[in-house]
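The values are calculated or read from the model by the stated rules, or taken from the named source; none is laboratory data. Quick caveat, the model's predicted, so the values are computed rather than measured. Using ideal geometry, Cβ is built from the backbone for each residue, glycine included, and neighbour counts are taken over all protein chains shown. Calculation scope for accessible area: heavy atoms of the full protein, side chains included, ligands and nucleic acids excluded. Shrake-Rupley method; radii C 1.70, N 1.55, O 1.52, S 1.80 Å.
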Amino acid sequence: MNTSLAIVTAGVVPVGEVMPLLTEHITEQQITHISLLGRLTREEALEDYGAAPGEETVLALLRDGELVQLSLTKVELALQGMIELLDNQDYDVILVLGNGRYTRLSARNAMLLVPDRLIPPLVASIVEGHQVGILLPTPELLSFQQKKWRELGNSPLYTPAASLSDDSALVGAGRELVQRGADVLVLDSLGFHQHHRDLLQRALDVPVLLSHMLLARLTSELLV
């Protein structure tokens, strides 16, 4: 079987870290990455996908490294259009990467993997009975995360400003969660890398789950 994979993202997503897992069974030439907003400026993104007052939003990273808050409905409709295009090109697996409560994405032929559908139940099954602490790199993600993790048995603890660039500050944020009772930590942002996971696990001696790596491992099992 000559499996092909398409990675679909709303904003700019560093896919390099997940590539080693995805290329265990297929080559990079069999992987296509398409970003909805990757080439847009903030002004262009807001013009095309800006949210009306009171509308549910999604955060996306732009090419300038800044986050922008956009209409969830508009972004989801655009992503669905991209998925349909890829589905018609006979990709076997389509992987959506990024944070967003996408409930209406679908594919007719390809296996479609959406983080918000897979990661919460997977983590819930892994950590059953344990107290989860979730580290976030920015407070803007907090309300989305609180909705995402509602199915956990114990309501998770959060620290909403964990540093991506200062290792000691990151460890301090993780230690705060452990002191508050967390015995499993979750890094649920594409800004976190394997380095952050390993650092926290060594420093705090608790299990640390990196959600997009869990998703990449699931995806790799389909690439044969």
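Taking K and R as +1 and D and E as -1, what net charge do the other residues with C-beta under 12 Å from the C-beta of residue 136 add up to?
On the way: positive: 148; negative: 140, 188.
Here the count lands on -1.
The residues of segment 1-146 have, on average, 48 Å² of accessible surface per residue, using a 1.4 Å probe with all protein chains present.
Quote the FRET efficiency, to the nearest 0.05, computed for residue 146 versus residue 195 with a Förster distance R0 of 30 Å and r equal to the Cβ-Cβ distance. Write out the running numbers ahead of the final one.
Working: r = 27 Å, r/R0 = 0.89.
The pair residue 146/residue 195 has a calculated efficiency of 0.65.
With R₀ fixed at 22 Å, the C-beta to C-beta distance from residue 118 to residue 3 puts the FRET efficiency at about 0.75. Centroid-to-centroid, using Cα positions, segment 102-170 and segment 27-78 are 19 Å apart. Loop-resident GluC sites (Glu not before Pro) (DSSP state other than H, G, I, E or B) in segment 99-203 with no more than 16 further Cβ atoms inside 10 Å of their Cβ: 128, 151.
At q = 0.19 Å⁻¹ the log10 of I(q)/I(0) for segment 131-199 amounts to -0.68, computed by Debye summation with a single uniform scatterer per C-alpha, solvent ignored. Between the amide H of residue 7 and those of 32, 33, 34, 95, distances stay under 5 Å, these residues lying 5 or more places away or on another chain, with hydrogens modeled in the peptide plane. Only beta bridges with both residues in the chain are counted; by DSSP, about 20 percent of them are antiparallel. In order along segment 53-58, the phi-based Karplus estimate (6.51 cos²θ - 1.76 cosθ + 1.60, θ = phi - 60°) of 3J(HN,Hα) comes to x, x, 7, 5, 10, 9 Hz; Gly and Pro are listed as x.
Note on the chain: Cα-Cα pairs beyond 31 Å make up 21% of the total pair count. Compared with the alpha-carbon gap, the fully stretched path from residue 25 to residue 164 is longer by 47.0 nm at 0.36 nm per residue. Each label point was placed 7 Å from the Cα along the Cα-to-Cβ direction; for residue 125 and residue 180 their separation is 2.8 nm. Summary of packing: across the peptides 23-33, 109-119, the per-residue average of other C-beta atoms within 10 Å ranks them, highest first, as 109-119, 23-33. Amide H contacts for residue 157 (H built 1.01 Å from N in the peptide plane; partners 5 or more residues away or on another chain; cut-off under 5 Å): 132, 133, 134.
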